[in-house]
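Read the structure below first, then the notes.
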Amino acid sequence: MKNLTLGVIGVDHRHIFGQLSKMLELGCKCKGWWTEGDPEPVEGFLQRFPDIPRVADRDSLLQDPEIDMILIADVPVRRAARAIEAMQAGKDVMTDKPGCTTLEQLDSITACVAKTGRIWSIDFSERFEVPAVTRAAELIAEGRIGKVIQTVGLGPHRLNRPTRPKWFFNEAEYGGILTDIASHQIDQFLFFTGSDDAEIVSSTVANFANPSDAGLQDFGEINLRSDHGLGYVRVDWYTPDGLPTWGDGRLTILGTEGYIELRKYVDVAGREGTNHVFVVNGDSCEYINATDAALPYFEQLIHDVIQRTETAMPQKHCFKVMELALKAQAQAVRLGALSKV
């Protein structure tokens, strides 16, 4: 398989580390990177990728005929414009979530994809970079829990206030907590229930613990319903410092004949390590260490760029995840300090 040549535009979020490293591990090469100013992740980027040159002008990456794909982790509000200019330059795009921050931006991206035929893919890292999720999908395909009827996705995060840039506290720049973090859980709901669309039954955003930061939403929840199943999402910025990782991310998948729980990043007061999978059905109650499960998204995306297919993630799915996240954000009830804004 041909190895892709990459360019990076925007390193404002550390998710770029996973985006780029996973592609390099598969034999891709990166010709250069550009970012506006010197955001905090630059130091970590230089430590991880010291041999990749920084370019003075992002246009040099866009106009380079050897570059196949642009990876983007810019400030969220700028990601849509960066992706559109890349696609107009004939490049496919892998962007960090959220891929955009408004429905108007999403409409522009959708139109650009239709016009250019380029791929716009979001690296939903809580699925694509978590081996436990791959193993859960395999177990469901094997019929271990019957038909999936509900997902409960929890996405707690640590605030890490001293490391956060100004845009992190500005809703217009990061898009709101449901647009941002909850896009992960919406992606997983649609994927595991086999849903092409869903209804936002209710949604809420709040600022309960940080009233001095008017633009921060530190809690959010969504109730989803489709003709295939139901979903509940809870996201927050309340992870205590006592937890040995950034968040106790969990996913419970309920089937008609059993359930699966994923403790993705930590098993509190339990087993060491990550990627813990628990399967319960009529025959057994089983623990699986899923650390060695595959991460097929990146290899499949390379295949899609070369063959013009949609094996990594259907384009319509990517659009729908962001549409639902943006609609949930727009219609959310606002509580706590937000109710006074």
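Within the stretch 251-302, take every residue that is of a type in the set (S, T, N, Q) and free of Cβ contacts under 8 Å to residues at least 60 places away in the same chain and give me the one that is surrounded by the most Cβ atoms within 10 Å (Cβ to Cβ).
Q300
Look through R225, R263 and report the one residue that is among the charged types (D, E, K, R) and touching a His at 6+ places or on another chain (Cβ under 7 Å). First the steps, then the outcome.
On the way: R225 fails: touching a His at 6+ places or on another chain (Cβ under 7 Å).
Step by step, each of R225, R263 is checked, and only R263 is among the charged types (D, E, K, R) and touching a His at 6+ places or on another chain (Cβ under 7 Å).
Please count how many residues of the stretch 103-121 are touching a Lys or Arg at 6+ places or on another chain (Cβ under 9 Å) and either more than 17 Å from S183 (Cα to Cα) or outside the structural domain of L20 (by TED's automatic domain parsing) (or both).
The total comes to 4.
If you take the residues of the stretch 160-212 that are without any contact (Cβ under 8 Å) to a residue 12 or more places away in the chain and charged (D, E, K, R), which of them is surrounded by the most Cβ atoms within 10 Å (Cβ to Cβ)?
Top of the filtered list is R164.
Does D64 satisfy being acidic (D, E) and either under 24 Å from the mean Cα position of the chain (by Cα) or modelled with pLDDT under 95 (or both)?
no
The rows are residues; the columns are (1) in contact with a His (Cβ under 7 Å, 6 or more places away or on another chain); (2) not in a helix (DSSP H, G or I).
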residue	(1), (2)
S121	no, yes
V133	no, no
G146	no, yes
V152	no, yes
G155	yes, yes
R158	no, yes
P162	no, no
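In the stretch 303-341, which residues are surrounded by fewer than 21 Cβ atoms within 10 Å (Cβ to Cβ) and outside any helix (DSSP H, G or I)?
The answer is R308, T309, E310, T311, P314, V333, R334, L335, G336, V341.
The values are calculated or read from the model by the stated rules, or taken from the named source; none is laboratory data. What you see is a predicted model; the values in this text were computed from it and never measured. FYI the Cβ positions are ideal-geometry reconstructions off the backbone, even for glycines, and counts take in every protein chain you see.
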